[in-house]
Amino acid sequence: MSSNVEHKWLLDEKDYEALQQIQDITSNADEIQPLILTEILSTNANVEYLQQHGLDGSTDSSTFKKLIPLVSYEQLQPYITRIAEGDDSPILCSNPITGFFVSSGTSGGEPKLVPIYEQEFERRLSFFNYLMARTKQLFPNINCYNDKAMNFHFAKPDHKTKAGILVSSVFTRLLKTSLNLKSIATGNNAIPDDILLCTDTYQSLYCQLLCGLYQNDLVFQVGSIFASGLLHVFKFLENHWADLVSDIRTGSINNPKITDLSLRESVMKILVKPNPQLADLIETECSKGTWKGIVRRLWPNTKYIKAIATGSLSQYIPLLNYYTNNLPIFSDHYGSTECLLGLNLDPICDPNETSYTLIPTMAYFEFLPMDTTNINGEVTQELVDLVDVKLGQEYELVITTFAGLYRYCIGDILRVTGFTNKAPKFSFVRRKNVILNLEYEKTNESDLRLGVEKAGGVLKPFGATIVDYTSYADTSTIPGHYVLYWELLIDGNDHNTQTNHFIPSSVYNDCCLAIEDSLSTFYRIKRSQEKTINPLEIRVVKSGTFEKLMQLAINGGASMNQYKTPRSLNSNQIHFIQLLESNVISSYFSQKNPRVGLH
Ligand code: AMP
């Protein structure tokens, strides 16, 4: 179906302007950041929160830093609740609040409500315009007339607060605004917007895949916001390809579960006639008994994968590599419900080396150097400004936004990896909170991730890949011990029973030890010498368990677009633990003590 004429993906005037703006704002980050703070504080001079803290209209940064405390969501929640209940006085922001964005609730507990006002959209859109222009510049061999991105989206229904204020997930809302998501989608999307906006997950995903498969040879980019979402799409394909093939063969939707008439109508604009040849190809590829490289096999012109796979999401890189036969993975941006933050301006790199340049116009940024709190949790070192961060150092990110979050700790730890002009680039290290802490050994998300990666190396020669994992500090016995729930893919096959594979137990025991060996010295001393922690346990769960876990989180209000598997569970999340427990097929313990003195 490709055209004979090669129309390169040319940059237009708007793109050149955006590229110039990236240059300008990163070169002038030192001047822009104080201006951003002044703008935020002068616009919001009359808000209750700032006045309560004694900031009487001053826009001076040192006064601001002296008077306004560092806060997390919990401290702002009473103010946000008042806004949600209809108090329209200027509480946090002087602009009228027209809605809330809702966070996934999977990065740091409960879903958070973040107030937004109308002009906020323009700021967010400028971020995606920069991204779009840079992507076009870096992938110039895209035929701009025919080629299509295939970006999957999981829309979430909007709802309203008691006072009638709209609550939506960020991407669903952006997609619905007149500004629309075309730019976010990196140009032409193979999937029409109205299908992306359907909130019935099954019907939407089925129709998204149907459109994407039907236009298979036009697709140059396969993406979703997070790697986990994209893997969900591949799993869905594994389970539903036969129905999809039948529809493509007949050029009609035979699947009775697609009951939404407008959705059917949208799909039929794409599925214009039967394509038995394509149906044969998909059937042949999906019947081969392996899903390895399925993306290249079904969408042969795909040049790269666009999905965030950094931080805790880097765990999905091996699986993405499996499904795509090592297509380049482009983690395009770093952002949160509260604020869009950084762009990956050099996407052609090893996904493990991805860095994001913080965009100085998005918010006022401050950085809390790590390891600068004393035993009482008091901060003992000054926060530094964006242009004063030091190469190689780790910081916690603190933001002040136009919509009324002042000195707000997002909870992310970042490491400085370089600079784009004067604006620093960061790699995402981990979420801040310690996730496993039986004996004050303070295992954090990246410690655990490294351990799981090591264990993944032990399993690799046996053709097994870790699909997903989470953890739990089990204190039902004394001493307590760490439990890791694992879902595996073995030689491309789902792993559902204890007997359908031939990996000896000793290999799993070695996996337990590999994890323990890579945890902190504290952990290993407590385990091996003080014996105050019992051997680590791996509980293997049935294939599909982590999909069910996601569904449970979504039923509880999380958005699938933003969903990230929680890397640890606590005793308050008993329904998650119960679900995992009911799917355990085998369990293994470390048989040796971890070595002390490795690190
Ligand atoms: P949410 O507000 O629910 O969308 O979650 C935002 C959080 O997702 C951020 O604070 C990060 O912890 C995480 N996140 C967002 N972008 C990235 C990224 N590029 N790499 C790693 N983690 C990310």
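The values are calculated or read from the model by the stated rules, or taken from the named source; none is laboratory data. None of the values given here were measured: they were computed from a predicted structure. We place every Cβ from the backbone using ideal geometry, glycine too, and count neighbours over all the protein chains shown.
Just the residues that are in contact with a strand residue (DSSP E or B) (Cβ under 7 Å, 6 or more places away or on another chain) and in a helix (DSSP H, G or I), please, taken from region 543-599.
Across region 543-599, the qualifying residues are T545, F546, F576, I577, L580.
Quick one: E439 ticks every box in (1) away from the ligand (no atom under 16 Å from the Cβ); (2) of a type outside the set (S, T, N, Q); (3) part of a strand (DSSP E or B) except a single one, so which number is it?
(3)
Which is part of a strand (DSSP E or B), touching a strand residue (DSSP E or B) at 6+ places or on another chain (Cβ under 7 Å) and surrounded by 18 or more Cβ atoms within 10 Å (Cβ to Cβ), of F428, F419?
Result of the check over F428, F419: F428.
Tell me, which residue of region 183-199 that is of a type outside the set (S, T, N, Q) and modelled with pLDDT under 75 is surrounded by the fewest Cβ atoms within 10 Å (Cβ to Cβ)?
G187
Scanning for something away from the ligand (no atom under 12 Å from the Cβ) and charged (D, E, K, R), does region 357-366 turn up at least one residue?
Yes; the residues of region 357-366 include at least one that is away from the ligand (no atom under 12 Å from the Cβ) and charged (D, E, K, R).
Are there any pairs, at least 6 apart or on different chains, whose C-beta atoms fall under 6 Å, with the first in region 31-58 and among the acidic types (D, E) and the second surrounded by 14 or more Cβ atoms within 10 Å (Cβ to Cβ) and not in a helix (DSSP H, G or I), and if so, which?
E48/I91
Within the group Y206, Y202, Y214, which residue is closer than 14 Å to D260 by Cβ, buried (at least 16 other Cβ atoms within 10 Å of the Cβ), among the aromatic types (F, W, Y) and modelled with pLDDT of 90 or more?
Criteria check complete, one pass: Y206.
Report whether or not K460 is away from the ligand (no atom under 16 Å from the Cβ), within 22 Å of T565 (Cβ to Cβ) and without any contact (Cβ under 8 Å) to a residue 24 or more places away in the chain.
Judged against the criteria, K460 is a match.
Determine which member of the set V295, V272 is more than 16 Å from the ligand (Cβ to nearest atom), closer than 20 Å to N151 by Cα and not in a strand (DSSP E or B).
V295
With (1) in contact with a Pro (Cβ under 8 Å, 6 or more places away or on another chain); (2) in contact (Cβ under 8 Å) with a residue 24 or more places away in the chain as the list, and V384 as the residue in question, which single condition is left unmet?
In the conditions (1) in contact with a Pro (Cβ under 8 Å, 6 or more places away or on another chain); (2) in contact (Cβ under 8 Å) with a residue 24 or more places away in the chain, V384 misses (2) alone.
Any residue at all in region 493-504 that is hydrophobic (A, V, I, L, M, F, W, C) and touching a residue at least 60 places away in the same chain (Cβ under 8 Å)?
no
Output the number of the condition that S126 fails; it satisfies all remaining conditions of (1) within 16 Å of the ligand (Cβ to nearest atom); (2) among the small types (G, A, S); (3) under 30 Å from Y16 (Cβ atoms).
The failed condition is (1).
Restricting region 20-37 to residues that are crowded, with 16+ Cβ neighbours inside 10 Å and of a type in the set (A, V, I, L, M), which is nearest to A133 (Cα to Cα)?
Once the filter is applied, the top-ranked residue is I22.
Do you know which residues across region 459-474 are under 26 Å from M550 (Cβ atoms) and over 25 Å from the mean Cα position of the chain (by Cα)?
L459, K460, G463, D474
List pairs: first in region 533-553 and in the same structural domain as K442 (by TED's automatic domain parsing) and more than 16 Å from C512 (Cβ to Cβ), second assigned to a helix (DSSP H, G or I) and among the charged types (D, E, K, R), Cβ under 9 Å, 6+ apart or cross-chain?
Filtered contacts from region 533-553: G544/K235; E547/K235.
Return the pairs, sorted by first residue and then second, in which the second residue is β-branched (V, I, T) and crowded, with 21+ Cβ neighbours inside 10 Å, the first residue lies in region 418-432 and is under 16 Å from E31 (Cα atoms), the beta carbons are less than 6 Å apart, and the residues are 6+ apart or on different chains.
Filtered contacts from region 418-432: T420/T26; T420/T357; N421/T26; A423/T26; A423/T357; P424/V389.
Starting from region 112-124, take each residue that is part of a loop (DSSP other than H, G, I, E, B) and list its partners that are within 13 Å of the ligand (Cβ to nearest atom) and not hydroxyl-bearing (S, T, Y), counting only C-beta distances under 9 angstrom and pairs at least six apart or across chains.
K112/F101; K112/V102; K112/G105; K112/E338
Would you mind finding the one in D260, D247 that is at pLDDT 95 or above, surrounded by 21 or more Cβ atoms within 10 Å (Cβ to Cβ) and not aliphatic (A, V, I, L, M)?
D247
Limited to region 550-599, what total is found for residues that are within 16 Å of the ligand (Cβ to nearest atom) and among the hydrophobic types (A, V, I, L, M, F, W, C)?
Going through region 550-599 one residue at a time, the tally reaches 5.
Which residues, taken from region 322-338, are more than 11 Å from the ligand (Cβ to nearest atom) and either touching a His at 6+ places or on another chain (Cβ under 8 Å) or hydroxyl-bearing (S, T, Y) (or both)?
Y322, Y323, T324
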